[in-house]
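Taking it in order: structure first as structure tokens, then the write-up.
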Amino acid sequence: MFEKNRSASLSQIIFDLEKSVDQLPIAEKPTDIVFGEGSPDSEIVLIGEAPGYNEHVQRRPFVGRSGQLLRKTLTQVGFPPEQVYITNIVKARPPDNRDPSPEEILAYKPFLDQEISLIDPKLIITLGRFSMAKFLPDVKISQVHGRLHKVRWNGQIMYVLPMYHPAAALRSTQMLTAFTQDFEKVAKILIWVKEQSELIVDLETISAILL
Ligand code: URA
């Protein structure tokens, strides 16, 4: 799909989302919605939890303290924020920054699913346990962070890399080290994932020739 079409389709999702605020939890008015941002043609989609105060005010994901760490780390490992796509599972700020509830996650799910399907990334990076649970419901983040997982999502093979949430990385030096080290692996992991999809395409071409 051409970039223009993807941008237009993303604008349509935002339009639908803002139009649906009456039926959505937490959001009271269209301006309460914080949508994803970045490149619609990115090979990487990063998924956080929900907007906080700064995100709510600026209507942009990950612009507060943890967002600054995320954006700085992405730049350091060769993926400037504007070249990837950053979004959240819940698109409005939970009161007092509490954890999003299962009902809230479910209510915003169709919009996140549309973002993912449209961008069709090679690699999904989940930030924290809530977005990780979307793809890997039965694992512990402390055991799987920084390790690539191949999952079936909506009938499709997806590669998911669970990471600690940057807010957790801000809480201790140990977590910050783990967070940074995990991000340092992204470039190599992305190359490997792309090689896998090229292999599949090659195999499909060979079987098309043979059959
Ligand atoms: N934390 C999140 O999970 N998302 C944001 O956008 C900001 C902070």
Discussion item. Take residue 37 and tell me if it is acidic (Asp, Glu), within 21 Å of residue 113 (Cβ to Cβ) and within 12 Å of the ligand (Cβ to nearest atom).
Written reply: yes
Worksheet item: Taking segment 68-96 as the region of interest, how many residues are of a type in the set (A, V, I, L, M) and assigned to a strand (DSSP E or B)?
Response: 1
Worksheet item: Filter segment 98-130 for residues that are of a type in the set (S, T, N, Q) and surrounded by 15 or more Cβ atoms within 10 Å (Cβ to Cβ); which is farthest from the ligand (Cβ to nearest atom)?
Response: 114
Response to the item:
Flagged pairs (Cβ under 9 angstrom, 6 or more apart or on separate chains; first in segment 179-207, touching a residue at least 40 places away in the same chain (Cβ under 8 Å); second acidic (Asp, Glu) and not in a helix (DSSP H, G or I)) are 190/43; 193/43; 194/43
Discussion item. Quick check on segment 41-54: of everything there that is surrounded by 21 or more Cβ atoms within 10 Å (Cβ to Cβ) and of a type outside the set (Gly, Ala, Ser), which residue is farthest from the ligand (Cβ to nearest atom)?
Written reply: 44
Worksheet item: Does residue 60 satisfy the criteria of being assigned to a loop (DSSP other than H, G, I, E, B) and free of Cβ contacts under 8 Å to residues at least 40 places away in the same chain?
Response: yes
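Values quoted throughout were computed directly from the atomic coordinates according to the rules given, and no laboratory measurement underlies them. Since this is a predicted model, take the numbers as computed values, not measurements. Cβ coordinates were reconstructed from backbone atoms using ideal geometry, including for glycine residues, and neighbour counts include every protein chain displayed.
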